[in-house]
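The values are calculated or read from the model by the stated rules, or taken from the named source; none is laboratory data. Just so you know, these numbers come straight off a predicted model, no measurement behind them. Every residue, glycine among them, receives a Cβ derived from its backbone with ideal geometry; neighbour counts consider all protein chains shown. The accessibility values were calculated without ligands, DNA or RNA, using every heavy atom of the protein model including side chains. Shrake-Rupley method; radii C 1.70, N 1.55, O 1.52, S 1.80 Å.
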Amino acid sequence: METDVTMPFAEQLTLQIDDSAPMHLALSATLRHLPGRRQVCRGTLEDRPVVAKLFLPHRRARRDWRREVAGLTALGRFGPELLFRGPVVGQPIQVVVTGEISPAQTLGAVERATGALPDDVVLSLVELIAQLHAAGVRLADPHLDNFLLSDSGLLRCVDGGAVRAVGRPVSG
């Protein structure tokens, strides 16, 4: 059966690293779709709730995938847990799978819903950015939709592709 790579959430996908046991990724909903480039989906990896970013075949797909992996690795404890990075078996798609932070919403959604971010959330955001800078992590695209706030108050940066590890504390 041929899979439509522009809408891969309709299928159960198989992931495997080297000789490890295959893992099954079931995608249930599209969260964001950039036609011909990538698709971000909610799903489950072996029954664990996850978010999967699928890099669809295009000229810069491999570079974009590498940046995402490098950024999520640099984020470490300040980002979502990186569970899998690699190809989808039998398809020309690279995928990055992270643990889902749920229930949660982006800071952009919080601001749109309330008209402004609460002072404690702004303080948490400033603290998070300061910690990232101290760890040598530069945010290339620091907008509110790249930060996720859980119902428990946990704030995480979620766009690995917009992160650069500079190896020294960021100044300025």
* Asked: Taking the range 3-34 as the search range and keeping residues that are open to solvent by less than 80 Å² (accessible area, probe 1.4 Å) and of a type in the set (Ser, Thr, Tyr), which one is modelled with the highest pLDDT?
  -> Thr30
* **Given (1) surrounded by 15 or more Cβ atoms within 10 Å (Cβ to Cβ); (2) at pLDDT 95 or above; (3) in contact with an Asp or Glu (Cβ under 8 Å, 6 or more places away or on another chain), index of the condition Pro49 fails** => (1)
* To do: Residues being farther than 21 Å from Gly99 by Cβ and touching a helix residue (DSSP H, G or I) at 6+ places or on another chain (Cβ under 6 Å): count how many of those fall in the range 115-155.
  => 4
* Asked: Of everything in the range 57-68 that's part of a loop (DSSP other than H, G, I, E, B) and basic (Lys, Arg), which residue is farthest from Ser124 (Cα to Cα)?
  -> Arg59
* Where a residue in the range 158-172 is in contact (Cβ under 8 Å) with a residue 60 or more places away in the chain and farther than 16 Å from His143 by Cβ and its partner, wherever it lies, is open to solvent by less than 80 Å² (accessible area, probe 1.4 Å) and part of a loop (DSSP other than H, G, I, E, B), with Cβ under 9 Å and at least six apart -> Ala165/Ala135; Ala165/Gly136
* Would you point out which residue out of Gly153, Gly99, Gly115, Gly108 is among the small types (Gly, Ala, Ser) and either touching a Ser or Thr at 6+ places or on another chain (Cβ under 6 Å) or under 18 Å from Lys53 (Cα atoms) (or both)? => Gly99
* Determine, yes or no, whether Arg66 is surrounded by fewer than 20 Cβ atoms within 10 Å (Cβ to Cβ) and within 28 Å of Thr14 (Cβ to Cβ). => yes
